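The values are calculated or read from the model by the stated rules, or taken from the named source; none is laboratory data. Just so we're clear, the structure is a prediction, and the values are computed from it rather than from any experiment. Reconstructed Cβ throughout: ideal geometry from the backbone, glycine too, with neighbour counts over all protein chains shown. Ligands, DNA and RNA are stripped out before the accessible areas are found, and what is left, the full protein with its side chains, is counted by its heavy atoms. Shrake-Rupley method; radii C 1.70, N 1.55, O 1.52, S 1.80 Å.
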Amino acid sequence: MLVAGGGPAGCTTAAAMAQLGLRTLLADAGQDRRKQLAGELLHPIGVEELTAFGFSEVLRSGGAPIIGFAVVDGEKTALLPYAPGNRGLGIEHHALVTPLLDVLEKRGDVEVRRRSRVALVSDGPDGVEVTLSREGQSERVRTRMLVAADGRASPLRRSLGIAEQHVRLSTMIGVMVEASALPHAGRGHLFIGGPAPVLAYPISDSQARVMVDLPLGSSPERVRTEQEILSGVPEPLRQAILVALQREAPLVASNDTRIMDQVYKGHVVLVGDAAGCCHPLSASGMASAVRDARVLHRVMAEASNDVPRALAAYARARRPANRTRIALASSLYEAFSSDAGEMAALRSGLFRYWERSPTGLRISMSLLSTRETRMSVMAREYARVVAHGLLALGAGGVRAVQGPRRAMHAGALLVASALPHLRTAMAGVVEDRILALPAPHVPAADEPLAPSRASASRS
Ligand SMILES: Cc1cc2nc3c(=O)[nH]c(=O)nc-3n(C[C@H](O)[C@H](O)[C@H](O)COP(=O)(O)OP(=O)(O)OC[C@H]3O[C@@H](n4cnc5c(N)ncnc54)[C@H](O)[C@@H]3O)c2cc1C
């Protein structure tokens, strides 16, 4: 097996393949993760999978335990808990990801090639041919299966010609502040009272990362010059962000949604961000990446390492969780970044629902953290929030929408805006049901074809 990419997806997939006893080589092009604004909050499911794949020493090496999320909208706060006993981890991106490669190298069951770039040459019936390039030298390698874990821009995916739906959403800037500036210790924070969400979470005992979502292509300077941008962030955090921006150049990243037409082609399979990504407000990218490794591990074991069969099963198995995750992040991002009256009503509906339902708080956290992956649950919760939004409008409880006429108008728009999300969700529910049916039998490469009725009756 050859794994291209040494991020969370590549390292866990390489560990998973090695656990199956497969000879595995991981090549990573290498990037300075200290300069990268990327995943730093790992949900409990990610912690559990990294532990199961043998990376527990990385998880113990630092960071801060996370017990759930706090969603803050002005004076209203909802505390969303992980399930009892579950713990996530907030940790600086490079402190989590760089040691994953070190662990693989130290263990010795995966051959690690650093600063090596993989390029596809050809894919034939018996496997894939690639070039491995490093410092001007290159060599050809043949492999039974190539795992493209090369990130969201995935050069390998592009060279396969796999089509994608790509929506560029926004620009994110990130700074470091003191963890004590966060209102709720040990929680990921979503501040949604401003023009777009601000995310924050502790990444050590003393430090927290804050990420501010800005319109595409904005300069970080806007945060200092446009007061409105931090209007949803309470003091003293607001002041801490402004001080940090004076002290240091922020890290910058773009936020995108990418949905792939296929997650495998021939003997090449996409995992992690290469297979799809969404806005990071649910902090689900790394949990999803390690889940891909788990799914690939399972299907390879079940298909006795028959690559075409395993990859068809992988595509079926990973689809429901990823579709739910991306649909949830997209609908929440729309709700949290729009100043339209109907979206204000949806936000009021969320808080109204959470105030009345401790179970709702728990299920929302479960969906955000990808523990709950069923589209039917997301559709049900979304419909409940819309209903609460309509009730809030009816009771005059949406500050941005005053007067019965405007409330009726916003109510109609809220229902209309919910329909596409509910339609996607319902299509997902139907698809989940179909995917839950037993998989059609795909014959193994060396399995004799069953005789057709005609040939059977002839013989
Ligand atoms: C602003 C922001 C905040 C985020 N916050 C969170 C969060 O809090 N929690 C969370 O879970 N997720 C978060 N994410 C998402 C998370 O960072 C990604 O989901 C995760 O890093 C994906 O891991 P990956 O291994 O698929 O890809 P990457 O981490 O991108 O790794 C890809 C690797 O492939 C290598 N590579 C590229 N091309 C080649 C090649 N041809 N050959 C060999 N190697 C190659 C690269 O050098 C790199 O090392 C965030 C993302 C952004 C943008």
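Restricted to the stretch 395-406, and to residues that are open to solvent by less than 70 Å² (accessible area, probe 1.4 Å) and free of Cβ contacts under 8 Å to residues at least 24 places away in the same chain, which residue is farthest from GLY349 (Cα to Cα)?
Filtering the stretch 395-406 for residues that are open to solvent by less than 70 Å² (accessible area, probe 1.4 Å) and free of Cβ contacts under 8 Å to residues at least 24 places away in the same chain, the one farthest from GLY349 (Cα to Cα) comes out as GLY403.
Would you confirm, using the coordinates I've provided, whether ALA312 is at pLDDT 95 or above, assigned by TED's automatic domain parsing to the domain that holds PHE55 and part of a helix (DSSP H, G or I)?
So ALA312 passes the test.
Taking the condition hydrophobic (A, V, I, L, M, F, W, C), in the same structural domain as LEU270 (by TED's automatic domain parsing) and part of a strand (DSSP E or B), does LEU25 pass?
yes
Residue check: is GLY30 within 24 Å of SER254 (Cα to Cα) and part of a loop (DSSP other than H, G, I, E, B)?
yes
Residue check, LEU101 against (1) outside any loop (DSSP other than H, G, I, E, B); (2) farther than 27 Å from ARG157 by Cβ, all met but one. Which one?
Of (1) outside any loop (DSSP other than H, G, I, E, B); (2) farther than 27 Å from ARG157 by Cβ, only one is false for LEU101: (2).
Being surrounded by 19 or more Cβ atoms within 10 Å (Cβ to Cβ) and not in a helix (DSSP H, G or I) narrows it down to one of ARG258, ARG291, so name that one.
Sole residue among the options that is surrounded by 19 or more Cβ atoms within 10 Å (Cβ to Cβ) and not in a helix (DSSP H, G or I): ARG258.
Can you tell me which residue is farthest from SER357 (Cα to Cα) among those in the stretch 83-104 that are in contact with a Ser or Thr (Cβ under 9 Å, 6 or more places away or on another chain) and open to solvent by 20 Å² or more (accessible area, probe 1.4 Å)?
PRO99
Quick one: which residue in LEU50, LEU41, LEU37, LEU20 is away from the ligand (no atom under 14 Å from the Cβ) and touching a residue at least 12 places away in the same chain (Cβ under 8 Å)?
LEU20
In the stretch 193-232, how many residues are in a loop (DSSP other than H, G, I, E, B) and farther than 29 Å from VAL97 by Cα?
Number of matching residues: 6.
I'm trying to understand the selection: among the residues of the stretch 244-282, which are closer than 19 Å to HIS166 by Cβ and among the acidic types (Asp, Glu)?
Hits for the stretch 244-282 are ASP256, ASP261, ASP273.
Against the condition more than 21 Å from ALA38 (Cα to Cα) and in contact (Cβ under 8 Å) with a residue 40 or more places away in the chain, how does ILE162 come out, does it pass?
yes
Looking at GLU57, GLU75, GLU49, which one is assigned by TED's automatic domain parsing to the domain that holds THR12, over 19 Å from ALA287 (Cβ atoms) and open to solvent by 30 Å² or more (accessible area, probe 1.4 Å)?
Only one candidate qualifies: GLU57.
Give me the pairs, please: first residue somewhere in the stretch 230-247 and under 16 Å from THR77 (Cα atoms), second residue anywhere and of a type in the set (D, E, K, R) and at pLDDT below 95, beta-carbon distance under 7 Å, and either six or more positions apart or on two chains.
Cβ pairs passing all conditions: none.
Among the residues that make up the stretch 227-248, is at least one of them within 15 Å of the ligand (Cβ to nearest atom) and open to solvent by less than 60 Å² (accessible area, probe 1.4 Å)?
No, every residue in the stretch 227-248 fails to be within 15 Å of the ligand (Cβ to nearest atom) and open to solvent by less than 60 Å² (accessible area, probe 1.4 Å).
Are there any pairs with C-beta distances below 9 angstrom linking a residue in the stretch 203-219 that is away from the ligand (no atom under 11 Å from the Cβ) and open to solvent by 10 Å² or more (accessible area, probe 1.4 Å) to a residue that is assigned to a strand (DSSP E or B) and of a type in the set (Asp, Glu), with the two at least 6 apart or on different chains, and if so which?
Short answer, once both residue conditions are applied: SER206/GLU178; GLN207/GLU178.
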